[in-house]
Amino acid sequence: GYFSYDLCHHIESLPDNAVDDAFIPDCVFGFYDGIVVVDHILGKTYAVAHGIVQNAEVMVEEISSKIKNTNLNYESKVEYVKNREVSEHADIKSNFTREQYIEAIKKVKQYIRDGDIYQVNLSQRFECNVNSTAVEIYTALRKLNPAPFGCFMDFGEGYILSSSPERFLKIEGRIAETRPIKGTVPRGRNEQEDINNSRELLSSKKDAAEHIMIVDLERNDLGKVAKIGTVK
């Protein structure tokens, strides 16, 4: 499932000036009895069921059968997606003009100078028409950027396609862990460029400051639910 940014208004008392023109739920979660888990590190696939709907062993057998039947057709399906043109060059539109975006950045900088804020997530929405299905677009995305935290969701009222290198939250036993990432540079065209870009990123005062800030924010957030004195 997913939590939206706007879910914060159910937790905190904050100004809410955004116009809801997307018309999708603030929060959607599915509860599944019968899932396939692929361990990419060990190269193993597991069928898992709790037996909520029916006997867990019967459910696992059904899933296993589906996996075997799916594998028979998998290669042909992958080739179909690879060989199909995913999308024509689309006319991508933003909800900002260039002038509006620059003006918004100027306002943000002034707010920072005035001490009113120290971070803004100044986002813009891009939209375009596509000729491909959501699954085809996600398949192409996975091929271009096999991020460790990707997802494809079809929740009836829309789709969510995600590709992220950043673990937001991991809970194992009584330990909650978050691993925020700030600061990025492009990959180089060769190994030496990669090394140079990496050094440039590590020596950037701006990126270091941003990372320290986000780590502090996450420490504060964990502190709201963790035992006092246990956040490290």
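The values are calculated or read from the model by the stated rules, or taken from the named source; none is laboratory data. Note that the structure is predicted; figures quoted are calculated from it, not measured. Glycine gets a Cβ as well: all are built from the backbone with ideal geometry, and neighbour counts include every protein chain shown. Quick note on the areas: whole protein, heavy atoms, side chains included, nothing else; ligands and nucleic acids left out. Shrake-Rupley method; radii C 1.70, N 1.55, O 1.52, S 1.80 Å.
Miscellaneous remarks
- One decimal place: the segment Lys232-Lys106 gains 41.8 nm when fully extended, by the rule 0.36 nm per residue minus the C-alpha distance.
- Largest accessible area first, the residues Ile52, Ile214, Ile228 order themselves as Ile228, Ile52, Ile214 under a 1.4 Å probe with ligands, DNA and RNA left out.
- Heavy-atom accessible area ranking, 1.4 Å probe, most first, across Arg113, Arg125: Arg113, Arg125
- Among the chymotrypsin sites (Phe, Trp or Tyr not before Pro) in region 151-232, those located in a DSSP loop and surrounded by at most 14 other Cβ atoms within 10 Å of their own Cβ are Phe155.
- Considering only Leu202, Gln119, Ile11, the residue lying farthest towards the positive end of the dipole of the chain is Leu202, judged by Cα position with unit charges set on Cβ.
- Accessible area (Å², per residue) of region 119-232, counting only protein heavy atoms and a probe of 1.4 Å: 80 Å²
- Directionally averaged shadow of the chain, computed from the convex hull of its alpha-carbon atoms, nm²: 18.8 nm²
- Ordered by solvent-accessible area of protein heavy atoms (1.4 Å probe), largest first, the residues Ser132, Ser65 come out as Ser65, Ser132.
- Apportionment of accessible area to carbon and sulfur, the chain, percent (1.4 Å): 54 percent
- Helix axis angle, 205-223 relative to the chain longest principal axis, alpha carbon, degrees: 60 degrees
- For the chain, the Cβ-based charge dipole about the Cα centre amounts to some 860 debye (Lys, Arg positive; Asp, Glu negative; other atoms uncharged).
- Sites matching chymotrypsin sites (Phe, Trp or Tyr not before Pro) across region 1-44 that sit in DSSP coil, with at most 16 neighbouring C-beta atoms within 10 Å: Phe23, Phe29, Phe31, Tyr32
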